[in-house]
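Everything below concerns the one structure shown next.
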Amino acid sequence: MLAAPALAGEQIAFEVLRSGDSEMSCAGLSAEIDALNADVLKLNQQAEKRAKASRTTAAVGKGVFSGLARGVSIIGYGSTSPEAFAGLLASNVAAGVAQHVVSDATAPSPAVVASPATSPQQQRLDNLNTIYRERPC
């Protein structure tokens, strides 16, 4: 019997424990472990990219608000023309964004991106590694 193809956006359950895992040959275990290692590495890299993008977005947001605050604080000290104020405000926003992006870029980043939960692929990889270690391969 063939399984129906998954619809777009539908998640297919990942089987962490499968019947026959303990009977797999050393070569079969090794091949699946290698494939899962590649999958887990790819998932970790994607999570790191999402976390970095989130940090960059937050830094830009802080910079915009910082620049706006500086621009608003000097309203009473210069020309009252809208064009002068707009130019001053724009330069302060740009300076605030640049300052926060640079300060966040120079701050040490965490070496490991913490994931909220271990992925099913990682759980399966751990299980297969345990089986492999218990074998005289």
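The values are calculated or read from the model by the stated rules, or taken from the named source; none is laboratory data. Computed from a predicted model, the values in this text were never measured in an experiment. All Cβ positions, even for glycine, are placed from backbone atoms using ideal geometry, and neighbour counts span all protein chains on display. For accessibility, only protein heavy atoms count, side chains too; no ligands or nucleic acids. Shrake-Rupley method; radii C 1.70, N 1.55, O 1.52, S 1.80 Å.
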| remark: Filter the stretch 3-21 for residues that are among the small types (Gly, Ala, Ser) and open to solvent by 70 Å² or more (accessible area, probe 1.4 Å); the one that is modelled with the highest pLDDT is Ser19
| field | Those residues of the stretch 23-49 which are among the acidic types (Asp, Glu) and in contact (Cβ under 8 Å) with a residue 24 or more places away in the chain, in sequence order | value | Glu32, Asp39, Glu48
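For the stretch 10-46, give me each residue that is in a loop (DSSP other than H, G, I, E, B) and either at negative phi or of a type in the set (A, V, I, L, M, F, W, C) (or both).
Result: Glu10, Gln11, Ile12, Ala13, Phe14, Glu15, Val16, Leu17, Arg18, Ser19, Met24, Ser25.
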| query | Asp39 is checked against (1) at pLDDT 90 or above; (2) open to solvent by less than 70 Å² (accessible area, probe 1.4 Å) and fails just one. What number does that condition carry? | reply | (2)
